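Encoded as structure tokens, the structure appears first; notes follow it.
The values are calculated or read from the model by the stated rules, or taken from the named source; none is laboratory data. Since the structure is predicted, the reported quantities are computational estimates derived from the model, not experimental observations. Cβ coordinates were reconstructed from backbone atoms using ideal geometry, including for glycine residues, and neighbour counts include every protein chain displayed. Just the protein is used for accessible areas: all its heavy atoms, side chains included, with ligands, DNA and RNA removed. Shrake-Rupley method; radii C 1.70, N 1.55, O 1.52, S 1.80 Å.
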Amino acid sequence: MSKDNESLHYMDEEARRKKKMKWTIGIIAFVIFQVVQALFFVLVIMKFKSPKFRVGEFNVQTLNVGTEASPSFDMSFVAPIRIKNTNWGPFKYDASTVSFTYGGVQVGQANIPKSKANFKSTKKIDVPVTLSSNALPTGSNLGNELSSGIITLSSQGELKGKVTVMFMFKKTKMSQMNCTMTIDTSTRVVRSSSCK
């Protein structure tokens, strides 16, 4: 074999080796990309979270309060219910209720209709509420609070529904509300509000 043929043969071998190396690197890069994509899908997209379920701040429409000696209250307002869905799919939930309590005793409730919160969004529902202290026992703390110009209420509720991701992966999720709010009896506004 002449020197020219040898160098041509060597160059062909080198070109084939480089081509093989490029293919190998390409395949490895593609596999790594697919693994990263699958991990992202499993860890981010397919991670189902419970939506947050809260009562926002509101102004009281009507409020009638008794005295420290004869404590009572009747009030009405529109409760701004907020359902925050941070999932990558809609949260379809069943009808439910939110109970409003004073000192652990229910004084009223709000009805939540069956609906859905779209993915990465907050569903807003305004629900009319009427509360009355008629069910409270005589030994409650209401008289002391009224003398301070406040009424402390709690709201509890539970939403049960399904989160659907990519139209086929479904998971049942429960969202719970446990909020406490202090209402100023003179200004009829929520002075403070906190939710767990």
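Accessible area per residue (1.4 Å probe, heavy atoms of protein chains only) ranks Ser72, Ser186 as Ser186, Ser72, with the largest value leading.
Could you provide, to the nearest whole Å², the per residue accessible area of the chain with probe 1.4 Å?
Details: 12440 Å² over 196 residues.
Result: 63 Å² per residue.
Want the number for Gln61 to Ser99: 0.36 nm per residue separation, take away the alpha-carbon distance, what's left? Intermediate results must be reported in sequence, preceding the final value.
Working: separation 38, 0.36 × 38 = 13.68 nm, distance 1.87 nm.
Full extension of this stretch gives 11.8 nm more.
Specify the angular offset, from 0 to 90 degrees and rounded to the nearest 10, of the alpha carbon long axis of helix 3-40 from the longest principal axis of the alpha carbons in the chain. Around 10 degrees separate the two axes.
With the simple model of a label 7 Å out from the Cα in the direction of the Cβ, Ile28 to Ser147 spans 8.1 nm. Across all Cα pairs in the chain, the calculated P(r) in 5 Å bins from zero up to the longest distance comes to 1, 7, 12, 13, 11, 8, 7, 6, 5, 4, 3, 3, 3, 3, 3, 2, 2, 2, 2, 1, 1, 1, 0, 0 percent per bin. When the Gaussian network model of the chain links Cα atoms closer than 10 Å, the mean-square fluctuations of Ala117, Ala15, Ala79 top out at Ala15. Compared with the alpha-carbon gap, the fully stretched path from Lys116 to Lys18 is longer by 29.7 nm at 0.36 nm per residue. Averaging Cα coordinates gives a centre for the stretch 109-123 and one for the stretch 47-95; these two points are 12 Å apart.
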